[in-house]
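Accompanying notes for the structure given below.
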Amino acid sequence: MANKQVFPTKGNLIATKKSNALAKMGYELMDRKRNILTREMMSLLDDVKLLRDEITITYQKAYYALQQANMTLGIITDIVEAIPVDSGIRISYRSVMGVEVPKIHYEKQTPSLSYGLESTNSKVDYAYQCFHKVKELTIVLAEVENSVYRLANAIRKAQKRANALKNIVIPDFEKNIKFISDALEEKEREEFSRQKVIKAMKDKQRKESTEM
């Protein structure tokens, strides 16, 4: 048993009580952290569902528009490759109870045509606009989904630590405190009884010496 491994001294009792108080404080902090992170994550989950629904519809429109453009002009790979890669994305992070949550900075821009008009038509323009919308939604969804993943991972860790403190660490400390306290009380009773016996013997010797 864990409590039998602790030597019952007043110093160990003080140290164990202090450790138990710190463990309880740690549990309260972990529980508070878990609650705050859970609220933060729950506030994002609705956004994730809405974004996924919207991006699914937008992807369907975009691929249908691309299909229509391919049907009117043939495979438009050369036109697609003429569109420049968008590198105007920056990522920063904010801390939520020690969890680094990403924030994607993207300045929305009006789509500008970078391909020749003589070899394209309105269906290509529409497909380009649809995929531009897909890009914007993907950026937002990436930020929200990554935030939810990080928060969920941190919640699991906080829950695991809180459970360990509540169900293992704190009960062990409290068992040790009881074991030490009981042992010290028993020792004090034994010492009190010993002192009574010594006092009785001294009183008896004093009485006998007086009678002589």
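The values are calculated or read from the model by the stated rules, or taken from the named source; none is laboratory data. All values derive from a computational prediction rather than experimental measurement. Every residue, glycine as well, gets a Cβ built from its backbone with ideal geometry; the counts of neighbours run over all protein chains shown. Just so you know, the surface numbers come from the protein's heavy atoms only, side chains and all, with ligands and any DNA or RNA stripped out. Shrake-Rupley method; radii C 1.70, N 1.55, O 1.52, S 1.80 Å.
Among 187-193, 167-173, the peptide with the highest mean count of other Cβ atoms within 10 Å heads the list, and the full ranking is 167-173, 187-193.
Each residue of the stretch 133-146 is assigned a 3J(HN,Hα), and the resulting list reads 5, 4, 4, 4, 5, 5, 4, 5, 5, 4, 5, 5, 5, 5 Hz, derived from the Karplus form 6.51 cos²θ - 1.76 cosθ + 1.60 (θ = phi - 60°), x at Gly and Pro. Rounded to the nearest 10 degrees, the angle from helix 170-211 to the longest Cα principal axis of the chain is 10 degrees.
Once the Cα atoms are used to define both axes, helix 10-73 deviates from the longest principal axis of the chain by about 10 degrees. The Rg/Rh ratio for the stretch 116-201 is 1.78, where Rg is the radius of gyration of the alpha carbons and Rh is the Kirkwood radius. Normalised size of the stretch 1-61, defined as Cα radius of gyration per 2.2 N^0.38 Å with N residues, equals 2.30. Solvent-accessible surface of the chain, taken per residue with a 1.4 Å probe and all protein chains present: 71 Å². Based on the convex hull around the alpha carbon atoms, the chain presents an average projected area of 19.1 nm².
State log₁₀ I(q)/I(0) for the stretch 37-160 at q = 0.09 Å⁻¹ as given by the Debye formula over alpha-carbon point scatterers of equal weight, solvent excluded. After summing over all Cα pairs, the log10 values are -0.37. Given the stretch 115-165, report the % of alpha carbon pairs whose separation exceeds 18 Å. Roughly 60 percent, once rounded to a whole number. Among 88-96, 153-161, 76-84, sorting by the average number of other beta carbon atoms lying within 10 angstrom of each residue, highest first, gives 153-161, 76-84, 88-96.
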